[in-house]
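No value in this document is a laboratory result; all are computed from the given coordinates. Predicted model only: the values in this text are computed from it and were never measured. Heads up, the Cβs are rebuilt from the backbone with ideal geometry, glycines too, and the neighbour counts pull from every protein chain shown.
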Amino acid sequence: MMEFKSINKVVAKKDSQALVTGQPVYTEDIMPKDCLIVKVLRSPHARAIVKKVNKSAAEKIPGIVCIVTADDVPKSRFTIAGQTYPEPSPYDRLILDKQIRFVGDAVALVAGTNQAAVDKALRAIRVEYEVQEPLLDFTKALDNDIVVHPEDDWKPLVDVGGDNKRNLVAKACDRHGDIDAVLASSDVVIDRTYHTRQNQQAAMETFRAYAYKDAFGRLTIVSSTQVPFHVRRVVSHALEISKSKVRVIKPRIGGGFGSKQTVVMEVYPAFIAWLTGKPAYMVYSREESLTVSTPRHESQIRVVLGASKDGHIRGILLDSLWNAGAYGEHTPTTVTLSGHKSIPLYNAAEAFQFSYTCVYTNTIAAGAYRGYGATQGLFALETAVNELAEALHMSPVELRFKNMVRQNQVLPAYFNETALSCTLDKCLERVVSMSGWDDASPRKVLPNGHIQSVGLAIAMQGSSVSNVDVASVTIKVNDDGFYTLHIGATDMGTGCDTILAQIAAECLMCSVDDIVTDGVDTDTSPYDSGSYASSTTYLTGNAVVKTCESLIRRMKELAAVKLGLSDTDLDDLEFDGKAITCLQNGKSITVRDLGNGAMFMNGIALEATESSYSPTSPPPYMAGAATIDVDPETGHIALLKYDAVIDCGTVINPSLARVQAEGGIVQAIGMALTENVQYTPTGRLQNNSFMQYRLPTRLDVGPVNVEFEPSYEPNGPFGAKSIGELVIDSPSPAIAHAVYNATGVWVRDLPITAEKLYQAMKHKNL
Amino acid sequence: MMITYWLNGKKSSADIEPGMMLYDFLRSQGCYSVKCGCETTNCGLCTVWVNDVPVLSCAVLAVRIDGCQVTTLEGLQEDAKEFAYYMGLQGADQCGFCNPGFVMNVLAMVRRFDSPTEDDIKEFLSGNLCRCTGYMSHMRAIKEYFKAKGKEVRS
Ligand code: FES
Ligand code: FES
C-alpha cells in the first residue's frame with residue numbers, strides 16, 4: 001500500500017474543539033437578535049380546500065407584523081428538492097396553497113416581534129375548510145378517484161413518466177436479457193413482497209433558517225442546509241425573484257442525513273424578510289420536524305428470484321411501488337436506487353428487470369434520507385436472497401459467494417460500469433469470521449429460554465451522481481504560505497472540511513494545520529451540487545486534487561519570476577511542500593516567501609479553482625452480520641452486536657470513517673427495530689415526538705464492530721470511494737435474517753417490533 | 001418575578017416571567033451552548049447543572065434556580081477542552097449539536113465515579129441521544145478521558 005503523510009491518518013475534525021466546548025456556531029446561535037419570529041399555521045385535515053382565512057382578530061394582536069395566506073404568495077410552482085437543475089422532481093409546490101394535501105400542510109404564515117404574540121395569533125386565525133376524503137393507502141393510489149394534485153399547472157421539468165391526474169409521479173422499467181424466459185426455466189423461483197415505512201432522519205438540530213435584506217437590497221439566507229446553492233435557486237423560484245438577489249450562507253449544521261437536502265422551510269422566512277424588509281427567523285419544533293419534513297419513502301417492493309438448483313441466481317425481477325406522499329420531491333430519483341444499487345450485487349444473473357411506480361397520497365411528503373432508496377431496495381433484495389438460500393437448502397454465505405459481484409466485472413445493471421475496485425468477497429469472508437456465523441447452527445437456545453441468532457447481508461451504494469454532480473474547489477496561498485481551502489460542499493458533521501483538507505495537505509505536502517477551511521457562502525464559495533449522494537470525499541476530493549495540481553503550477557510560475565528564471569521550463573522547477581527549487585541551478589524560494597512575495601509587485605494570482613464531475617459512480621461495499629437475542633415469550637429483540645466490514649476504497653481518515661459507519665449502522669438498527677411511522681385513519685401522524693418515534697439510545701445497541709477491507713478505486717482521490725450512505729443499508733436485512741434464524745418467521749414489514757414478531761410467531765405456532 | 005442565582009459562578013438577579021423555562025432563560029443570558037432537540041424531555045441536549053446536579057433545562061422553570069448555582073458548558077471550558085481532545089481523536093464530535101448536553105453529563109460523571117463499568121456509563125448517559133455517532137466513539141473517548149484523569153473504566 002502507498003505511504004501517505006496526511007491521509008489514511010487520524011486527524012481530529014478542525015471544528016472539534018469548538019463543537020465539544022459548546023461554542024456558538026450554529027444558525028440559532030449567530031442570528032441577529034431583532035428577527036421577526038415566523039411560524040406556520042398548519043392544516044389539521046389530510047385533504048381539504050381552504051375556503052376562507054379570517055385573520056382580522058389575529059392581526060390586531062400587538063407584535064404581529066404580518067399574516068400571509070395563499071392569496072398573497074407568488075403563483076408559480078416549484079420543487080423543494082435539492083437537486084441539480086433541471087430537477088427530476090416535479091414542480092408541484094407553492095409557498096402556500098389552497099389545496100391541502102396532508103395533515104400539517106401550510107395554510108398561513110404569521111410573523112411577529114415575539115413568540116408569544118405569534119402563538120396567540122396562530123390560535124386566533126379562523127380557517128374555513130372544505131374537508132375532503134383523503135387518499136392514504138399508496139397501494140390504491142394509482143388512478144384513484146381522489147386526485148392529490150388536480151392542478152393544471154403541475155409541471156415536470158424532466159419526463160420521468162409522471163401524470164398528476166393519475167396520482168403518478170414517476171414510472172419506468174429497465175431490462176436486460178429475457179427475464180420471463182429465465183424465470184420460466186429456473187429450477188427454483190421465489191416471489192416475495194416487502195414493505196418498508198417512512199423513516200425520520202431526526203437530525204438533532206431541527207430545521208431552521210433566518211433571512212434578511214443586506215445593504216444592497218439583496219436577500220441573505222443563513223440556513224442549516226446541505227445544499228446552499230440549491231437553496232438559492234429554490235428560493236428564487238418560489239419568490240419569483242432573480243437568483244442574483246439571493247445569497248445563502250451555511251454555518252455549522254447539526255446533522256442532516258439527507259433531510260437538509262430538501263429546502264424544507266427556507267422559503268418561509270425568506271418570503272417574510274423579502275416582504276417586510278425585516279430580518280426573519282424560523283425554527284421547527286421537533287413535532288413539526290417529524291410531521292412535515294421529508295422522511296424516507298415508504299415502499300412496497302416485489303422481488304422475484306430465479307435460480308438453478310446448484311445456487312446460480314439466474315434472474316432478478318424487482319418492482320418498486322413508492323409512496324411520494326403529498327409532494328414529489330426526490331421521488332423520481334430515490335426510487336431508481338432501489339434497483340440500480342441493489343441488483344448489481346448479483347452480477348452473475350443472466351437477466352434482470354427493474355420497474356417502478358411512484359404515487360402521490362395524502363401522507364407526509366417523503367424526501368431524501370441517507371441511502372436514498374438503496375436502503376429499501378437492499379432490504380427487499382437481501383432478504384429475498386436469504387429466503388432463496390433457505391429454499392435452496394444452501395448456506396446464504398455460499399449462495400452469495402457464487403453470485404456476487406467481483407472486481408473488474410462489467411455491471412449490466414449498473415449502467416455497464418466496470419467494478420474497478422471491489423473487495424466485497426473479502427468483506428463477507430471477514431464478517432463471517434467476526435460474527436462467528438455457522439452454517440450448521442445460526443441459532444442457539446439459551447438457558448433462560450431466549451434464542452440467540454445471527455443474520456447476514458451485503459450492500460452497495462454509489463459515490464456521487466455520475467454525469468450530473470459538480471464539485472468545485474478554490475485554494476489560495478496567503479502570507480507566510482498558509483492555504484485557504486474554499487469548498488461549496490457542506491460539512492454536516494461528517495468531517496468533510498477536515499477530510500478535504502487532509503487530501504489538500506497530501507497534495508501540497510504540508511501539514512493539515514496549514515490548510516484553513518470555512519463554511520459555505522454562495523457569493524464566495526465555488527459551486528458544488530452539495531453534500532449528498534455520497535459525493536464529498538469522492539467528487540469534491542477529486543476536485544481538491546485537481547485544484548492542487550493547478551495551484552502548484554501557478555506557484556511555479558510565480559517562483560520562476562521571483563527567481564529571475566522566466567525562461568525556465570516549469571517542469572524544471574520542483575515543489576516539495578516547503579520550497580520551489582530549480583533543478584538546473586539549485587535556486588530556490590520557500591513557499592513562505594512566495595506567499596509573501598505574491599503581495600508585492602506581483603501580477604500572478606496565487607490561487608486556483610477547478611471543478612470535477614464523474615462519468616462513473618464507483619460503489620463502496622459492505623458485509624454486515626447482526627447477532628440478536630429474541631425472547632420468544634414477548635417477541636422482544638435485543639441487538640447484541642453488529643459486525644461490519646467495509647470497502648470504501650482508501651480510508652482517508654480512519655476515525656471519521658469508523659464513526660460514519662457506526663452512526664449509520666445504529667440509525668439502521670432503529671429503522672429495523674423501533675422507528676415506526678403510523679397514521680390514524682384520518683391521516684394524522686401518531687409518532688410525532690421522540691416519545692413515540694423511538695431512536696436507538698446507547699442502551700439499545702450492543703457493540704458495533706467496524707473493520708475495513710480497502711480496495712483502490714482508480715477514479716477516486718488517492719483511491720477513495722464514499723462511505724456515508726452505504727453503512728445504513730445492511731442492518732435491516734441482516735436483522736430480518738437473524739430474526740428468521742431465531743424464530744423461523746420472515747418478517748417482511750419493517751420495523752420488526754416485538755408486537756409484530758410476537759403475532760407472527762403465534763400464527764406460525766412456534 | 002425576581003430571582004437571584006449564580007450563573008457559572010457569577011451572582012446575578014433577573015426579573016422573569018413565572019412560566020419561563022430555564023432553557024429559554026439561559027439562552028437569553030447568552031449561554032448558547034445549551035441546545036434543544038425535543039419538546040418531550042427525551043433528548044438530553046439541554047442538560048445543565050443546578051447545584052452541581054444535571055437537570056434538563058427544558059423541563060425546569062427558570063424560577064426554580066432562585067438561590068441556586070447554575071452551571072453551563074460556558075462555565076466548564078477548561079474541562080470541556082480537555083475532554084474535546086479525546087472526542088476529536090475518535091471523531092466523536094460529529095455534528096456537535098448533542099455535544100454540550102452530553103459533555104455536561106460526562107463531566108458530572110467523572111466527578112461522581114472513580115471506576116465505573118461500561119454499563120454504569122451507558123446508564124448514566126442513557127438520556128443523551130445522539131443521531132450521528134452511534135455512541136461507540138463516545139465510549140472510546142470517555143475511557144481515554146477517564147484514564148487521563150487517573151481513573152479506569154471496567155468492562
Ligand atoms: S430539549 Fe430534549 S430533553 Fe430538553
Ligand atoms: S453528534 Fe450529531 S447528534 Fe450527536
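Whats the longest run of chain A with zero trypsin sites (Lys or Arg not before Pro) that are DSSP loop and have at most 14 other Cβ atoms within 10 Å?
Longest run free of exposed loop sites: A:76-308.
How shielded is A:202-212 by partner chains, expressed as the average number of their Cβ atoms within 10 Å of its Cβ atoms?
Per residue, the number of nearby Cβ atoms from other chains is 4 on average.
Once whole DSSP H runs in chain A are found, which of them have Cα atoms spread over 27 Å or more along the helix axis and a mean Kyte-Doolittle score of at least 0.0?
The qualifying helices are A:541-562, A:654-673.
Going Cα to Cα from B:Lys151, which lysines come in below 29 Å? Please leave out same-chain ones fewer than 8 positions away.
In chain and number order, the partners are A:Lys9, A:Lys13, A:Lys14, A:Lys641, B:Lys81, B:Lys122, B:Lys143.
Can you give the FRET efficiency to the nearest 0.05 for A:Glu3 and A:Leu570, using r as the Cβ-Cβ distance and R₀ = 30 Å?
Here the calculated transfer efficiency is 0.70.
Would you list which lysines come within 23 Å of A:Lys562, measuring only between C-alpha atoms, while excluding same-chain residues fewer than 8 positions from it?
Qualifying lysines at Cα under 23 Å: A:Lys476, A:Lys578, A:Lys587.
Do the sum for chain A: with -39,500 (n - 2.57) for every DSSP H run of n ≥ 4, divided by all residues, what is the mean residue ellipticity at 222 nm, to the nearest 500 deg cm²/dmol?
Only helices count here, giving -7500 deg cm²/dmol.
Post the alpha-carbon centroid distance, the range A:206-254 to the range A:1-41, in whole angstrom.
19 Å
Using the alpha carbons of the range A:397-503, what is the convex hull volume per residue in cubic angstrom, as a whole number?
211 Å³
How large is ³J(HN,Hα), in whole Hz, for each residue of the range A:90-107 in order, when computed from phi with the Karplus curve 6.51 cos²θ - 1.76 cosθ + 1.60 and θ = phi - 60°, using x for Gly and Pro?
Taking θ as phi minus 60°, the curve returns x, 7, 10, 10, 10, 4, 9, 10, 6, 7, 8, 10, 6, 5, x, 4, 7, 10 Hz for the range A:90-107.
To the nearest 20 debye, what is the magnitude of the charge dipole of chain B about its Cα centre, counting +1 on the Cβ of each Lys and Arg and -1 on the Cβ of each Asp and Glu?
The dipole of chain B has a size of about 280 debye.
For chain A, with only Lys/Arg (+1) and Asp/Glu (-1) charged at the beta-carbon, what is the dipole magnitude about the Cα centre, in debye rounded to 20?
1980 debye
Based on the Cβ-Cβ distance from A:Thr139 to A:Ala638, what FRET efficiency comes out when R0 is 45 Å, to the nearest 0.05?
About 0.85, to the nearest 0.05.
How big is D for chain B, in µm² s⁻¹ as a whole number, if Stokes-Einstein is applied with the Kirkwood radius of its Cα pairs at 10 °C and 1.306 mPa s?
The diffusion coefficient I find is 100 µm²/s.
Name all residues of the range A:724-766 having a backbone nitrogen under 14 Å from the label point set 7 Å from the Cα of A:Gln686 along its Cα→Cβ direction, giving them as ranges.
A:751, A:753-756
Enumerate the calculated ³J(HN,Hα) couplings along the range A:362-372 in order (Karplus 6.51 cos²θ - 1.76 cosθ + 1.60, θ = phi - 60°), each rounded to whole Hz, writing x wherever the residue is Gly or Pro.
Rounded to whole hertz, the list is 8, 10, 3, 5, 7, x, 9, 9, 2, x, 6.
May I have the count of lysine pairs in the range A:238-350 with C-alpha atoms under 21 Å apart, counting pairs 8 or more residues apart or located on different chains?
Total qualifying Lys-Lys pairs in the range A:238-350 comes to 5.
Cα convex hull of the protein assembly as shown: mean projected area in nm², to one decimal?
Over all viewing directions, the protein assembly as shown projects a mean Cα-hull area of 40.0 nm².
Radius of gyration and Dmax for the range B:76-148's Cα atoms, expressed in Å?
11.0, 29
Taking the Cα-to-Cβ direction at A:Leu157 and at A:Lys51 and moving 7 Å from each Cα, how far apart do the two end points lie in nm?
My value for the distance between the label points is 3.8 nm.
Compute the distance from the alpha-carbon center of the range B:104-155 to that of the range A:380-401, in whole Å.
For the range B:104-155 versus the range A:380-401, the Cα centre distance is 40 Å.
Amide H of A:Asn347 versus every other amide H placed in the peptide plane: which residues, excluding those fewer than 5 positions away on the same chain, fall under 5 Å?
A:Val405
Taking amide H atoms as placed 1.01 Å from N in the peptide plane, list the residues 5 or more away in sequence, or in a different chain, whose amide H sits under 5 Å from that of B:Leu7.
When sequence neighbours closer than 5 places are left aside, the close amide H contacts are B:Ser12, B:Val70.
Apply the Karplus curve 6.51 cos²θ - 1.76 cosθ + 1.60, θ = phi - 60°, to the phi angles in the range A:249-266 and return the couplings in whole Hz, x for Gly and Pro.
In residue order, the calculated couplings are 10, 10, x, 5, 10, x, x, x, 6, x, 4, 9, 8, 10, 8, 4, 9, 4 Hz.
What translational diffusion coefficient, in µm²/s and rounded to a whole number, does the Stokes-Einstein relation yield for the range A:700-766 at 4 °C and a viscosity of 1.567 mPa s, taking the hydrodynamic radius as the Kirkwood radius over Cα pairs?
87 µm²/s
Determine, for A:Trp274, A:Trp322, the number of other Cβ atoms within 10 Å of each Cβ, and report the residues in order from fewest to most.
By the 10 Å Cβ count, ascending, the order reads A:Trp274, A:Trp322.
Contact order normalised by length for chain A, with contacts defined as Cα pairs under 8 Å and 6 or more residues apart; what percent is it?
The value is 15 percent.
Taking neighbour counts of Cβ atoms within 10 Å as a proxy for exposure, in what order, fewest first, do A:Glu633, A:Glu675 appear?
A:Glu633, A:Glu675
Fewest Cβ neighbours within 10 Å first, please rank A:Ser441, A:Ser453, A:Ser689 accordingly.
Sorted ascending by nearby Cβ count, the order is A:Ser441, A:Ser689, A:Ser453.
Could you size up the charge dipole of the range A:161-282 around its Cα centre, putting +1 on the beta carbon of Lys and Arg and -1 on that of Asp and Glu, and report it in debye to the nearest 20?
920 debye
Need one value for B:135-144: mean number of C-beta atoms belonging to other chains within 10 Å of its residues' C-beta atoms.
4
Between A:Ser441 and A:Asp479, what is the label-point separation in nm under the 7 Å Cα-to-beta-carbon projection?
With each label placed 7 Å out from Cα toward Cβ, I get 7.4 nm.
Using only the alpha-carbon atoms, how far is helix B:77-90 inclined from the longest principal axis of chain B? Give it as 0 to 90 degrees, nearest 10.
40 degrees
Are any of the pairs A:Lys55/A:Lys98; A:Lys39/A:Lys120; A:Lys55/A:Lys75 more than 18 Å apart by Cα-Cα distance, and if so, which?
A:Lys55/A:Lys75
Output needed: Cys residues of chain A lacking any neighbouring Cys C-beta below 4.7 Å, sorted by number.
Lone cysteines by the Cβ rule: A:Cys35, A:Cys66, A:Cys173, A:Cys358, A:Cys422, A:Cys427, A:Cys496, A:Cys510, A:Cys582, A:Cys648.
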